[in-house]
Amino acid sequence: MQLRKVTAASAAVLALALTATACGSEDKDDAAGSGGGGKITIGIKIDQPGLGLKTPDGKFAGFDVDVATYIAKELGFDAKNIEFVETKSADRETAIERGDVKFIAATYSINDERLQKVDFAGPYLLAHQDVLIRADDDSIKSPEDLNEKKLCSVTGSTSAKNVKEKLAPKAQLQNYGGYSECLTGLENKAIDALTTDDSILAGYAAQEAHKGKFKLAGFKMTNENYGIGLKKGDADLKKKVDAALTKMVSDGAWDKAVEANFGPANYKNEPAPKIGDVVK
């Protein structure tokens with residue numbers, strides 16, 4: 001009898017402990033609400049002016065940051081409860097799969113290969129692949145002129161690969177860890193051109209320290225549909241993020257974010273894309 005009593009008591013204690021553990025281990029990103037103090041972790045770029053940039057004072061600025069902040073608010077998170085973390089191009093799928101971030105807003109183009117690993121909400125911006133060259137360089141007037149040129153992009157990005165496979169097979173690819181490194185190489189003539197999306201290139205070219213040094217070639221080589229990267233199969237979150245993006249466009253916040261972040265660069269952006277409308 002005594003044994004049965006001890007066992008029953010132990011079982012009750014164990015059940016209570018398990019219940020407490022389950023409650024305490026709730027995903028911090030799910031404890032949302034302006035009054036609940038919940039946190040959300042969002043992946044962004046931190047070295048892309050106009051899109052995702054960590055400023056000297058430790059804050060974050062750019063179009064992707066504004067979009068991410070708007071989405072988080074619609075999900076129930078105050079701006080003060082957002083934790084932005086850097087997600088480099090080569091690490092984005094891994095960060096989502098491991099659950100390091102709730103979602104990613106980091107110039108993340110939707111394509112079939114990535115859709116095998118992650119889901120996307122959106123798109124929320126249509127950009128085009130282009131080339132940034134030195135302002136005094138008149139030798140690159142078409143994509144084909146990139147043959148024999150040293151062409152830089154970042155590890156994990158598809159931009160340079162697209163050029164080499166489809167337009168300039170003799171281009172000499174140079175993969176750097178970040179766009180800032182490519183830009184330094186371009187300025188120092190270690191490389192001849194930097195290729196990625198025109199929105200990204202415009203942000204760099206518009207920086208005060210770079211004005212007059214570089215120019216966009218004006219090649220619309222691809223369509224890049226920026227989407228919000230999500231964990232594969234999270235249909236509920238996808239639905240909520242799509243709704244947030246739709247609202248951002250309808251209430252004018254999208255246009256304001258475009259003007260605030262791209263206006264100084266005189267970037268000719270495309271109109272806001274419709275949700276699910278991926279331009280090939």
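Sketch the reach of a paramagnetic label on residue 246 as a point 7 Å from Cα along Cα-to-Cβ, and name the residues of the range 266-280 whose backbone nitrogen lies under 19 Å away.
Under cut-off, by backbone N: 272-279.
How large is log10 of I(q)/I(0) for the chain at q = 0.11 Å⁻¹ when the intensity is taken from the Debye formula with one equal scatterer per alpha-carbon?
Result of the Debye calculation: -0.65.
For the range 133-280, what value does the Rg/Rh ratio take when both radii are computed over Cα atoms and Rh is the Kirkwood radius, given to two decimals?
For the range 133-280, the value is 1.01.
Once amide H atoms are placed 1.01 Å from N in the peptide plane, what residues at a sequence separation of 5 or more from residue 176, or on another chain, have their amide H within under 5 Å of its amide H?
Amide H neighbours of residue 176: 153, 154, 155.
Give me a comma-separated list of calculated 3J(HN,Hα) values for the range 199-208, in order, Karplus coefficients 6.51, -1.76, 1.60 applied at θ = phi - 60°, integers in Hz, x for any Gly or Pro.
Result, rounded to whole Hz: 5, 5, 4, 4, x, 5, 5, 8, 4, 4.
Using the Cβ atoms and a cut-off under 9 Å, what net charge is assigned to the surroundings of residue 232, where Lys and Arg are +1 and Asp and Glu are -1?
-1
Ranked highest first by the average count of other Cβ atoms within 10 Å around their residues, in what order do 138-145, 163-170 fall?
Output ranking for 138-145, 163-170: 163-170, 138-145.
Give me D for the range 213-280 in µm² s⁻¹, whole number, from Stokes-Einstein with Rh from the Kirkwood sum over alpha-carbon pairs, 37 °C and 0.692 mPa s.
On the way: Rh = 14.3 Å.
Reported coefficient: 229 µm²/s.
Could you give the size of the charge dipole of the chain about its Cα centre, using +1 on the Cβ of each K and R and -1 on the Cβ of each D and E, expressed in debye and rounded to the nearest 20? List each step's numbers first, then the result.
Values: 38 positive and 42 negative charges, 121 e Å.
For this selection, approximately 580 debye.
Kindly provide log₁₀ I(q)/I(0) values, in the same order as q = 0.15, 0.19 Å⁻¹, from the Debye equation applied to equal alpha-carbon scatterers of the range 81-179.
Debye curve over Cα of the range 81-179, log10 I(q)/I(0) at q = 0.15, 0.19 Å⁻¹: -0.73, -1.02.
How far is it, in nm, from the label point at residue 180 to the one at residue 215 when both lie 7 Å from their Cα along the line to the Cβ?
2.8 nm
Considering only protein heavy atoms and a probe of 1.4 Å, how much of the accessible area of the range 148-261 is carbon and sulfur, as a whole percent? Working shown, then result.
Working: 2600 of 5360 Å².
About 49 percent, which is the carbon plus sulfur part of the accessible surface.
Ranked highest first by average number of other Cβ atoms within 10 Å, how do 201-209, 38-46 line up?
Highest to lowest by the protection proxy: 38-46, 201-209.
Given the pairs 73/102; 88/189; 166/231; 45/150, which are separated by over 19 angstrom at their Cα positions?
Violating the 19 Å Cα-Cα cut-off are 88/189; 166/231; 45/150.
Count the DSSP beta bridges whose two residues both fall in the chain, then state the antiparallel fraction as a percent rounded to the nearest 5.
Here the share of antiparallel DSSP bridges comes out near 60 percent.
Per residue, what accessible area does the chain have, given a 1.4 Å probe and all protein chains present, in Å²?
Roughly 50 Å² per residue, with all protein chains present.
The values are calculated or read from the model by the stated rules, or taken from the named source; none is laboratory data. All figures in this text were calculated on a predicted structure; none of them were measured in a lab. Cβ atoms come from the backbone with ideal geometry, glycine included; neighbour counts cover every protein chain shown. The accessibility values were calculated without ligands, DNA or RNA, using every heavy atom of the protein model including side chains. Shrake-Rupley method; radii C 1.70, N 1.55, O 1.52, S 1.80 Å.
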